[in-house]
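First the structure, in the form of structure tokens, and then the observations on it.
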Amino acid sequence: MTLIKFEKNINCANAVTCNHNILEIFEKKLNVLLHLEKDTDKVNGHISISHKQGNHLIFLFLYDKEGVHESHNTVSKKIETVQNNKIIKFKGIKPNEKDLKLWLDK
Amino acid sequence: MSGGMQGGGVPDDLLTTKGDTHGFDTTNARVPIGANTTVLTADSTTALGLAWTAPTDIAPPTTTKGDLSGFSTVQSRIPVTVTNGHVLTSDSTEALGLKWAAVAVGGATVTAFEFTLSTDFSTSSSSYVDVTNLTVDKPTITGGECITTYNISLQNDNDGKLYSKLIDNTTAVAAGKSEFSVNKDTGLTASDTSTADGETLKVQIKASAGSSTVQHDFAAGGDRMSRICGLGVG
């Protein structure tokens, strides 16, 4: 699993719109699907965002295994996995934190 | 009759001084008044068996603020406790039958806990993920229970269902009861119980389609805040 976790100085008035915008940028740059749009979709990862004003905490998960969802346990600080038939393995070039920040700046 | 005798008994002039009293040895006799503040005391060494003596000063056993006087075979001091809030308790194993002891506490222990989300959180995940910064530690009460309520305000940018559940570390607080699915732009309130074991409660969410966003203060009105609160009772 690839998890890229970083903080970014972002202020947003609407977390729904903010999430939508960041998701759209990452999906376009990575050329993958990070959310289900319809029931037949398969995803290569997901994003989670804590929308603290001026200091958003952004998680980008890219899955390494077919059918296995991975997420961050905020209590144990470990990665947890569960079966999910909507998951497909990410096979693209993995970005780094610098890439992601740059994409959001544009 | 004359000569100061009455009948066959006590001469009229036996008592001569204010305070004198009537005594007897082998004949009637005067017991002269004693000095001021003295008390009449039995004393076999005197001719009349009585003597005026200064009263014995019986000093109290107490020496310190808060001391009490107790008794076993003699009057004794019950020293004040060094701990404020202690109460005097009967205890037959003590020399004086009393001791200072802490108040025995009865009734239930009730501990409130609460955490309110202060930052919106969103995820595009189709499996459950933890809501960052929406966790709270339950109190530890041996044999106790926690009555927990969580409120969550969810929004979606899609028409997909949103799901939420309350988790006790890794185990659902009450499987089948704590998981909810809602339509977009919905708030929900749910209550549940679990043991008061000090575990961490957290909220998880997912979206069947689109992204799920947890709001901390909907439309600045604060009427759709997301929080976990409860009472530990034991």
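If you go through the stretch B:72-89 and keep only what is loosely packed, with under 12 Cβ neighbours inside 10 Å and more than 23 Å from the chain's Cα centre (by Cα), you end up with B:Ser72, B:Thr73, B:Val74. Every condition in (1) more than 8 Å from chain B (Cβ to nearest Cβ); (2) over 22 Å from B:Lys202 (Cα atoms); (3) touching a strand residue (DSSP E or B) at 6+ places or on another chain (Cβ under 7 Å) holds for A:Glu70 except the one numbered (2).
Here's the yes/no breakdown for (1) touching a strand residue (DSSP E or B) at 6+ places or on another chain (Cβ under 7 Å); (2) in a loop (DSSP other than H, G, I, E, B):
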site: A:Lys38; (1), (2): no, yes
site: A:Ile58; (1), (2): yes, no
site: A:Val75; (1), (2): yes, yes
site: A:Glu80; (1), (2): yes, no
site: A:Trp103; (1), (2): no, no
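Here is a check on your reading of the model: is A:Leu34 under 14 Å from A:Asn21 (Cα atoms) and surrounded by 18 or more Cβ atoms within 10 Å (Cβ to Cβ)? Here the answer is yes, as A:Leu34 does meet what is asked. The set of residues in the stretch A:7-31 that are within 16 Å of A:Ser48 (Cβ to Cβ), at pLDDT 95 or above and in a loop (DSSP other than H, G, I, E, B) contains only A:Ile10.
Each row is one residue, and each column tells you yes or no for (1) facing chain A (nearest Cβ under 10 Å); (2) of a type outside the set (A, V, I, L, M).
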residue: B:Ser122; (1), (2): yes, yes
residue: B:Val129; (1), (2): yes, no
residue: B:Thr135; (1), (2): yes, yes
residue: B:Pro139; (1), (2): no, yes
residue: B:Gly144; (1), (2): no, yes
residue: B:Thr148; (1), (2): no, yes
residue: B:Ile152; (1), (2): no, no
residue: B:Gln155; (1), (2): yes, yes
residue: B:Gly160; (1), (2): yes, yes
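Here B:Asp120, B:Asp137, B:Asp130 are screened, and the one residue that is surrounded by 12 or more Cβ atoms within 10 Å (Cβ to Cβ), at pLDDT 90 or above and farther than 30 Å from A:Asn14 by Cβ is B:Asp137. The test for being within 28 Å of B:Ser76 (Cα to Cα) and under 60 Å from the mean Cα position of the chain (by Cα) does not hold for B:Ala51.
Just one of the listed residues (A:Ile47, A:Ile4) is in a strand (DSSP E or B), at the interface with chain B (Cβ under 7 Å from one of its Cβ atoms), surrounded by 15 or more Cβ atoms within 10 Å (Cβ to Cβ) and not acidic (Asp, Glu), namely A:Ile47.
Among the residues making up the stretch A:66-98, those that are among the small types (Gly, Ala, Ser) and surrounded by fewer than 16 Cβ atoms within 10 Å (Cβ to Cβ) are A:Gly67, A:Ser76, A:Gly92. Of the residues making up the stretch B:107-130, those that are part of a strand (DSSP E or B) and within 24 Å of A:Val32 (Cβ to Cβ) are B:Phe121, B:Ser122, B:Thr123, B:Val129, B:Asp130.
From B:Ala174, B:Ala196, which residue is at pLDDT below 85, at negative phi and among the aliphatic types (A, V, I, L, M)? After applying the criteria, what remains is B:Ala174. Taking the criterion of being assigned to a loop (DSSP other than H, G, I, E, B) and closer than 15 Å to B:Thr132 by Cα, no residue of the stretch A:60-69 qualifies.
In the set (1) surrounded by 15 or more Cβ atoms within 10 Å (Cβ to Cβ); (2) closer than 29 Å to B:Asp185 by Cβ; (3) of a type outside the set (Phe, Trp, Tyr), the condition left unmet by A:Leu62 is number (2).
The values are calculated or read from the model by the stated rules, or taken from the named source; none is laboratory data. What you see is a predicted model, and the numbers here were worked out from it, not measured in a lab. When we count neighbours, we look across all protein chains shown, and the Cβ atoms used for this are built from the backbone with ideal geometry, even at glycine.
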